[in-house]
Amino acid sequence: MNLDELFAVRMSIAEIIIRGSCIYWFLFLIFRFPLRRDVGSVGVADILLFVIVADAAQNAMAGEYTSITEGIILIATIAGWNLLFDWLSYRSRLIDRFLRPRALQLVRHGRALRQNMGRELLTMDDLMAKLRAHGIDDLGQVRHAFLESDGEITVIKASRRR
């Protein structure tokens, strides 16, 4: 294989961009809506970018694309979507609300909000495990607990009366 073949573009650039965009949007929607609680402390867009770029780079390196240039175009498309989302989110509250879900209240004044927990398929055992990580072993110690947009649970402890 000569150097020209490594960098030749045999697939339509538009096809590469459309394929990358479709996969990015599909995975974004999956991570944004049903999988929020499983994401952890890294942002959804960050995880999505890492996963897709790693796969696209692997395909480009392994030769599943016919050239390195095609892999670079796909990676640039995916990174471009991520950068555009960050920029739009910074500029627009409406877009930011779509891209980053609002915090979901899970506990109010020591009582679990089971309907909200059900929306995220969060069991009582899951909630208590997260609360124990904050040093809390009883719901009565919690004034408010929220599932944040990054999948983490934040806790505001109840004040103690003396």
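Which of the following residues is assigned by TED's automatic domain parsing to the domain that holds ILE17, modelled with pLDDT of 85 or more and within 28 Å of TRP25 (Cα to Cα): PHE50, PHE146, PHE85?
Details: PHE50 fails: modelled with pLDDT of 85 or more; PHE146 fails: assigned by TED's automatic domain parsing to the domain that holds ILE17.
So the residue among PHE50, PHE146, PHE85 that is assigned by TED's automatic domain parsing to the domain that holds ILE17, modelled with pLDDT of 85 or more and within 28 Å of TRP25 (Cα to Cα) is PHE85.
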### Summary
Going through the stretch 113-143 in order, the residues found to be surrounded by 18 or more Cβ atoms within 10 Å (Cβ to Cβ) and either modelled with pLDDT of 95 or more or more than 24 Å from ALA45 (Cα to Cα) (or both) are LEU127, LEU131, ILE136, VAL142
### Task
From LEU94, LEU127, LEU74, LEU131, grab the single residue that is closer than 30 Å to MET11 by Cα and either of a type in the set (Asp, Glu) or part of a helix (DSSP H, G or I) (or both).
LEU74
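Taking the stated definitions as given, is GLU148 in contact (Cβ under 8 Å) with a residue 40 or more places away in the chain, at negative phi and in contact with a Ser or Thr (Cβ under 7 Å, 6 or more places away or on another chain)? Before you say what the answer is, go through the steps one by one.
Working: in contact (Cβ under 8 Å) with a residue 40 or more places away in the chain: yes; at negative phi: yes; in contact with a Ser or Thr (Cβ under 7 Å, 6 or more places away or on another chain): yes.
So GLU148 passes the test.
The values are calculated or read from the model by the stated rules, or taken from the named source; none is laboratory data. Only a predicted model underlies this, so the values are computations on that prediction, with no experimental measurement involved. Here Cβ is always computed from backbone atoms with ideal geometry, including for glycine, and neighbour counts include all displayed protein chains.
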